[in-house]
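Below is one structure, written out as structure tokens; the observations come after it.
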Amino acid sequence: MFAHSFLHAAISTCPFVSDVDAALTEVRAVIAESDVALLIGSENNQMVAMALLRDNTGAFMRGISTTHIYNKGSARIRAELLSAINDFAADRGQTLVWGTDINQRPKAYERLFSAWKPRPQGTLYKYDAAEQPSE
């Protein structure tokens, strides 16, 4: 049950997620897929970090996408989590890792991934199609 409450807390921090329980159900379904990884980091027998990854092999976005990364642990756990992401990419023959700064804190995001020297690649926008003018 602790894993459920930890994942619930971690996923609830993702601005893309409006229904945490539905997201948990989706995570449970997709982690059985060979192109998905759920990495968990722990300290003092407590889960404190997670990363949900997908290996994109299609022509449009080849590489590893970081669906969500969460860390309430130490800098050491963060480094271990990032190393595990790198290992997942390397094990799959990928060299690119894609991430989205959904919290709009570029300096913090770049600091998190500083070892990889992240470079911005465009801008992510969202819109609500229900709010678009009708023709």
When region 89-135 is examined, which residues are found to be hydrophobic (A, V, I, L, M, F, W, C) and farther than 14 Å from Ile69 by Cα? Ala89, Ala90, Leu96, Ala115, Trp116, Leu124, Ala129, Ala130
Among the residues of region 65-78, is there at least one that is part of a strand (DSSP E or B), among the aromatic types (Phe, Trp, Tyr) and under 17 Å from Gly99 (Cβ atoms)? yes
For Ile40, are the conditions met, namely being hydrophobic (A, V, I, L, M, F, W, C), out of contact with any His (no Cβ under 9 Å at 6 or more places or on another chain), part of a strand (DSSP E or B) and modelled with pLDDT under 95? no
One residue from Ser74, Ser114 being modelled with pLDDT of 80 or more, exposed (fewer than 15 other Cβ atoms within 10 Å of the Cβ), closer than 29 Å to Ser5 by Cβ and not basic (Lys, Arg): Ser74
For residues that are under 16 Å from the mean Cα position of the chain (by Cα) and surrounded by 12 or more Cβ atoms within 10 Å (Cβ to Cβ), tally how many sit in region 18-45. 14
Which of the residues that make up region 26-47 are over 22 Å from Thr100 (Cβ atoms) and either among the polar types (S, T, N, Q) or touching a residue at least 40 places away in the same chain (Cβ under 8 Å) (or both)? Ser34, Ser42, Asn44, Asn45, Gln46, Met47
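The values are calculated or read from the model by the stated rules, or taken from the named source; none is laboratory data. Owing to the predicted nature of the structure, the values given are computational and were not obtained by experimental measurement. A quick note on method: Cβ atoms are made from the backbone with ideal geometry, for glycine too, and the neighbour counts reach across all protein chains shown.
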